[in-house]
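A short write-up of the structure that comes next.
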Amino acid sequence: ARGLLLEPTRLYDRTGEHWLLTLAPAESKRTYLSYQQFPRELIEAIRVAADPQFWEHGGYTLAGWRDPLAHPTLAQRLAVELLLWDEPPTVRRAVRERILAAQITARYGREKVLEWYLNSAYFGNRAWGVEAAAQLYFRKSASQVNLNEAAVLAAVSQAPALNPFDAPQAVESERIRVLQRMALFGLVAPEAALLPSPAYASPPTRAEDNAPAPAFLNLALAHLNRRFGWERIERGGLRIFTTLDYDLQQQSECTVQTQMWRALGENREVRARDGSPCAAALLLPALPPGFAATRVTASALILDPRAGQVLAAVGDSNMEGSSPYLLAHPAGTLLTPFLYLTGFTRGLGPASLGWDIPGTIPNLDGQYRGPVRLRLALANDYLPPAAAILEQMGMAEVQRVAASFGLDLSASVNLFSDDLLLSPLQVASAYAILANQGMAIGQSLSSPDRASRPLPVSIWRVVNTDNALWADWSTPASQAVVSPQLAYLVNHVLSDDGARQVEAGLPSALALDRPAAIKIGRTFQGGGAWVVGYTPQRLAVVWVEVQGDENASSNAATEAATLLGAGLWRALMQYALQEFPPE
């Protein structure tokens, strides 16, 4: 009634000062057309395609009333899409849908129903309303479309995925079918079905690809879809405040790019997206003389573990461009802390004895140290002691512990291979529980009646254009996963610089001005490395993959990736923590 849906949904950073994305083909307000402005050809094409008996029935039909997913009349579609969208699809909703459809038709009349439907129907590619669709596909107003174009719009309204940009052949078949049906009803001459396909406009680029922080935005849209449903979010009328730290995001992007150029042997100045200097890149440690790689791919994610909020995310980036998604990569040795944690639940401890000797699972560097404390084995990825713990504890127990951290290990997963793929968000979610002393902190993305374990999120507030509150996630939820004592054991090992520096050889690349827990995860096939580290205030995950000289060993590529990832992690953490006192 107040025209809320005329405003498309818009996403902003956490302050609301920076616009990020509009979920519509155009940034402007949507145009509402009255019934009198629609051409007769458009009205009849829509009617024939969607509701042939529209002028005869009372707005509803009892046919198929036991199927809550069937909406055979235009008035019923309006009722379910605009009034009952948040109700589960049950027989009760199907009955309510028909009652409301009858009341809408009786009170407002059929012409108003058609007017509302045409202004609210979905036509694919984020075009809500026939005016937006006509502008998108034909670059003209819906009041000016001809018969042929009207048939296209009618066809697309019934199957929005089959639109001129995404499925041109299917649209052609459906256009002809609509014209044939109009001919059967005597609305057009039979030869109308022989009309050639109309000329279409060029498809626009994806809004996310040109927006700041595309990987973060796709993550935010995925979270919105899980919680509210994609259709309602995209329909419009909402202002969504994400958890994005705009400055940290820009600095993360330019720092990732700077590290890649340095790895390729070029000291280029890379500026932030807004043109400001890349201050975080100044914190990158120097690379060894002569360091060079032929191809580098890197991604990063920064999290506020206490709030359970994603602050910045950079998709897989190389010199050819960036991915708009946070892609999954082999977990490698990132899983070993959870294997050791399983041992700690059964009485083992960091001081327990392990044997780093040749066996079924070799060390990645091919060297062995004999008897070692589990502290050293965990901190430095000595794999034989980890394999012994797995054999002692059993895979089922390790699966149980890993599952509590959101890591799904099937029985067929080999922990000492690259079987399991993890995204930076999955890695951050698991390690954030350790950063929070065993507590999962964030928000449940399930519906309120089916609460699930809290997860880090990228949204903190959703309001409609009337400022009515839809969601306020500023106060995080929490759930105990493991005891603080067990989390402390793992944190103490991972923050032990003395233990990690025995073999890692990366003290300068990882050193912060405060205590931090750090885990390096190396892939088993070589070439890729994770660095995940955290303080109580911030957590950062970095993935780097290196392709070096084709004559170099895979172990050399892995060590190069480790060195690059460690330096990148350090720079991002130092910048993200600059306003926080050490804890």
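The values are calculated or read from the model by the stated rules, or taken from the named source; none is laboratory data. Given the structure is predicted, the values throughout are model-derived calculations rather than measurements. Methodologically, a virtual Cβ is constructed for each residue, glycine included, from the backbone with ideal geometry; neighbour enumeration extends over all protein chains shown. We work out accessible area using only protein heavy atoms, side chains counted, and drop any ligands, DNA or RNA first. Shrake-Rupley method; radii C 1.70, N 1.55, O 1.52, S 1.80 Å.
Here the Karplus relation 6.51 cos²θ - 1.76 cosθ + 1.60, evaluated at θ = phi - 60°, turns the backbone of segment 214-221 into coupling constants of x, 5, 5, 5, 5, 5, 4, 5 Hz, with x for every Gly and Pro.
Each residue, Thr205 and Ala70, gets one label point 7 Å from its Cα in the Cβ direction; the gap between the two is 4.6 nm.
Our analysis of segment 161-318 gives Rg over Rh at 1.21, with the two radii drawn from alpha carbon positions and Rh computed by the Kirkwood formula.
If you take the Cα centroid of segment 347-406 and the Cα centroid of segment 4-54, the two points sit 58 Å apart. Both radii were evaluated on the Cα set of segment 112-183; the Rg over Rh quotient, with Rh as the Kirkwood radius, amounts to 0.94. Given axes a ≥ b ≥ c from the Cα gyration tensor, I'd like to know whether segment 196-268 is rounded (a/c under 1.5), prolate (a/b larger than b/c) or oblate. Taking the square roots of the gyration eigenvalues as a ≥ b ≥ c, segment 196-268 is oblate.
Please label the shape of segment 39-195 as rounded, prolate or oblate, based on the square roots a ≥ b ≥ c of the eigenvalues of the alpha-carbon gyration tensor (a/c under 1.5 means rounded; beyond that, a/b larger than b/c means prolate, else oblate). Verdict is prolate for segment 39-195.
For Lys140, a cut-off of 12 angstrom between C-alpha atoms picks up these aspartates and glutamates, skipping any fewer than 8 places away in its own chain: Glu131, Glu149. Sorting Trp19, Trp569 on solvent-accessible area from highest to lowest, probe radius 1.4 Å, gives Trp19, Trp569.
With a cap of 11 neighbouring Cβ atoms within 10 Å, and only residues DSSP puts in a loop, list the GluC sites (Glu not before Pro) found in segment 199-270. Of the GluC sites (Glu not before Pro), the ones in loops of segment 199-270 whose Cβ has at most 11 other Cβ atoms within 10 Å are Glu266, Glu269. The longest stretch of the chain left intact once loop-based trypsin sites (Lys or Arg not before Pro) with at most 11 other Cβ atoms within 10 Å are removed from consideration, loops following DSSP, is 347-583. In this label model, Ser410 and Asp497 are separated by 4.3 nm, measuring between points 7 Å along each Cα→Cβ vector. Under 5 Å between amide hydrogens, built in the peptide plane, is the criterion, and for Arg295 it picks out Gln547 among residues at least 5 positions away or on other chains. Over all projection directions, the Cα-based convex hull of the chain averages an area of 30.2 nm². Here the sum of -39500 (n - 2.57) over DSSP H runs of 4 or more residues, divided by the residues of the chain, equals -11000 deg cm²/dmol at 222 nm, to the nearest 500. In the context of the full set of protein chains, residues of segment 190-261 present 37 Å² of accessible surface per residue (probe radius 1.4 Å, heavy atoms only).
Over all directions, the projected convex hull of the C-alpha atoms in segment 326-432 averages 6.5 nm² in area.
Given 0.36 nm per residue, what is the gain on full extension from Ala183 to Ala170 after removing their alpha carbon distance, in nm?
Going from the current span to full extension adds 2.7 nm.
Using a cutoff of 8 angstrom between alpha carbon atoms and counting only pairs six or more residues apart, the relative contact order for segment 1-149 works out to 24 percent. Compute the relative contact order of the chain as a whole-number percentage, counting only Cα pairs closer than 8 Å that sit 6 or more residues apart in sequence. 14 percent. One chain, two ends: Trp19 and Thr345. Fully extended at 0.36 nm per residue, the span grows by 112.6 nm beyond their Cα-Cα distance. Listed values for segment 415-428 are Karplus-derived 3J(HN,Hα) couplings in whole Hz (6.51 cos²θ - 1.76 cosθ + 1.60, θ = phi - 60°), namely 5, 10, 8, 9, 5, 8, 9, 10, 8, x, 5, 5, 4, 4, and x replaces Gly and Pro. Accessible surface of segment 77-152, 1.4 Å probe: 51 percent of it comes from carbon and sulfur atoms.
Across the accessible surface of segment 315-454, with the other protein chains kept in place and a 1.4 Å probe, carbon and sulfur atoms take up 55 percent. By a 1.4 Å probe calculation restricted to protein chains, Thr31 has an accessible surface near 80 Å², given to the nearest 10.
The simple Förster model, with R0 at 25 Å and r as the Cβ-Cβ distance, assigns Glu87 and Ala480 a FRET efficiency of 0.15.
Decide, for segment 219-307, between rounded, prolate and oblate: order the square roots of the alpha carbon gyration tensor eigenvalues as a ≥ b ≥ c, take rounded if a/c falls under 1.5, and otherwise choose prolate if a/b is larger than b/c, else oblate. Prolate. Protein heavy-atom accessible surface, 1.4 Å probe, per residue over segment 445-500: 49 Å².
Relative contact order for segment 143-184: 40 percent, from Cα pairs under 8 Å spaced at least 6 residues apart, divided by residue count.
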